[in-house]
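Right, one structure below, let's go through it.
The values are calculated or read from the model by the stated rules, or taken from the named source; none is laboratory data. If you're wondering where the values come from, they're calculated on a predicted model, not measured in any experiment. Here the Cβ positions follow ideal geometry from the backbone for every residue, glycine too, while neighbour counts run over all protein chains shown.
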Amino acid sequence: MELKLSPRKDFPGRGPCIEMIGDWVTEEVWNVVSRLTNDNWMASPVYQARQKCTVFFQGGCHDSKGKWILLEFWPKEEKDCDDFIKILNEEVNKVIKEDFTKIRLVAKTMNAHHVYEVEEVSKMIADDTKCPMSMDEKDQALNMCRVIFSPTDSVMHRAVYLLSAYTFKLQLVHFLDTWEVAESYMRK
């Protein structure tokens, strides 16, 4: 997953932002972001890159389990963010669970109108976001879902996720982070 600056229209009144949202934003991803934004060793390449772009862990910093992170940059020029974003991409991609980056949708029921609805809305989302999508029967059987989106970057993932989950209120297949699995065992 490539982490990219979001379009400025998505965060009016802010500096350039990177938003990470969804199941792929695990506690491990949060820990990497927290470590990079708090690295204060002055000889560190992370610190030096961060000083050029003045990055702030603006949203989600209080909750490692929230599945949402917002980084805001205050650079003199947007290109000043490049070094930090490169390091961020390298470090975050070491811990991302690749399967978690896919967005899987299921129909509310197996009734034909629900299946048709999720498939048609998914086609609209794919057209709007340019996100690769599969409705292949093999993928459906293997992944227990109707539609699989495979976003290639954080901006595309955000767009598909928000349209699916909030705009059209489709049923997403959620992945459990390590802490969620542990909590489910504790409840039993």
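Restricting attention to segment 162-174, does a residue exist that is under 14 Å from the mean Cα position of the chain (by Cα) and crowded, with 19+ Cβ neighbours inside 10 Å? For segment 162-174, residues under 14 Å from the mean Cα position of the chain (by Cα) and crowded, with 19+ Cβ neighbours inside 10 Å: present.
Within segment 58-65, can one find any residue that is among the hydroxyl-bearing types (Ser, Thr, Tyr) and either in contact with a Lys or Arg (Cβ under 7 Å, 6 or more places away or on another chain) or within 29 Å of PRO132 (Cβ to Cβ) (or both)? Talk me through it step by step, then tell me what you get.
Going through segment 58-65, the residues among the hydroxyl-bearing types (Ser, Thr, Tyr) turn out to be 64.
Cutting the leftovers down to either in contact with a Lys or Arg (Cβ under 7 Å, 6 or more places away or on another chain) or within 29 Å of PRO132 (Cβ to Cβ) (or both) gives us none.
No.
Just one of the listed residues (ASP136, ASP177) is charged (D, E, K, R) and within 29 Å of CYS17 (Cβ to Cβ), namely ASP177.
For GLU183, state whether it is acidic (Asp, Glu) and surrounded by 13 or more Cβ atoms within 10 Å (Cβ to Cβ). Working first, answer last.
Numbers: acidic (Asp, Glu): yes; surrounded by 13 or more Cβ atoms within 10 Å (Cβ to Cβ): no.
Here the answer is no, as GLU183 does not meet what is asked.
Checking each residue in segment 12-48 for being crowded, with 18+ Cβ neighbours inside 10 Å and of a type in the set (Phe, Trp, Tyr) picks out TRP24, TRP30.
Within segment 67-81, the set of residues being among the charged types (D, E, K, R), part of a loop (DSSP other than H, G, I, E, B) and in contact (Cβ under 8 Å) with a residue 60 or more places away in the chain comprises just one member, LYS67. Remark: pairs (first residue in segment 90-109, outside the structural domain of HIS157 (by TED's automatic domain parsing) and acidic (Asp, Glu); second residue assigned to a helix (DSSP H, G or I) and loosely packed, with under 14 Cβ neighbours inside 10 Å; Cβ separation under 9 Å; 6+ apart in sequence or on different chains) = GLU91/ARG35.
I'm trying to understand the selection: among the residues of segment 8-27, which are within 17 Å of HIS157 (Cβ to Cβ) and in a helix (DSSP H, G or I)?
Residues of segment 8-27 that are within 17 Å of HIS157 (Cβ to Cβ), as a first pass: 10-11, 17-26.
Once the filter is applied, which keeps residues that are within 17 Å of HIS157 (Cβ to Cβ) and in a helix (DSSP H, G or I), segment 8-27 yields only ASP10.
Condition first: touching a strand residue (DSSP E or B) at 6+ places or on another chain (Cβ under 7 Å) and among the hydroxyl-bearing types (Ser, Thr, Tyr). Now tell me which residues in segment 71-130 satisfy that. The one that is touching a strand residue (DSSP E or B) at 6+ places or on another chain (Cβ under 7 Å) and among the hydroxyl-bearing types (Ser, Thr, Tyr): SER122.
From the set of residues in segment 153-184 that are among the β-branched types (Val, Ile, Thr) and assigned to a helix (DSSP H, G or I), which is nearest to THR109 (Cα to Cα)? Please lay out each step first, then the result.
So in segment 153-184, the residues among the β-branched types (Val, Ile, Thr) come out as 155, 160, 167, 173, 178, 181.
From the residues that got through so far, the ones that are assigned to a helix (DSSP H, G or I) too are 155, 160, 167, 178, 181.
Working: VAL155: 30, VAL160: 21, THR167: 19, THR178: 29, VAL181: 26 Å.
In this case the residue turns out to be THR167.
Cβ-Cβ distances below 6 Å connect the following pairs, each with a first residue in segment 120-149 that is part of a loop (DSSP other than H, G, I, E, B), a second residue that is of a type in the set (Phe, Trp, Tyr), and a separation of six or more residues or different chains: CYS131/PHE149.
Suppose we filter segment 39-66 for residues that are part of a loop (DSSP other than H, G, I, E, B), within 21 Å of the chain's Cα centre (by Cα) and under 20 Å from PRO16 (Cα atoms); how many remain? It would help to see each step written out before you state the result.
To start, the set of residues in segment 39-66 that are part of a loop (DSSP other than H, G, I, E, B) comprises 39-44, 54, 60-66.
With the extra rule that they be within 21 Å of the chain's Cα centre (by Cα), the set shrinks to 60-66.
This time we only want the ones that are under 20 Å from PRO16 (Cα atoms), so: 60-61.
Adding up the residues that qualify gives 2.
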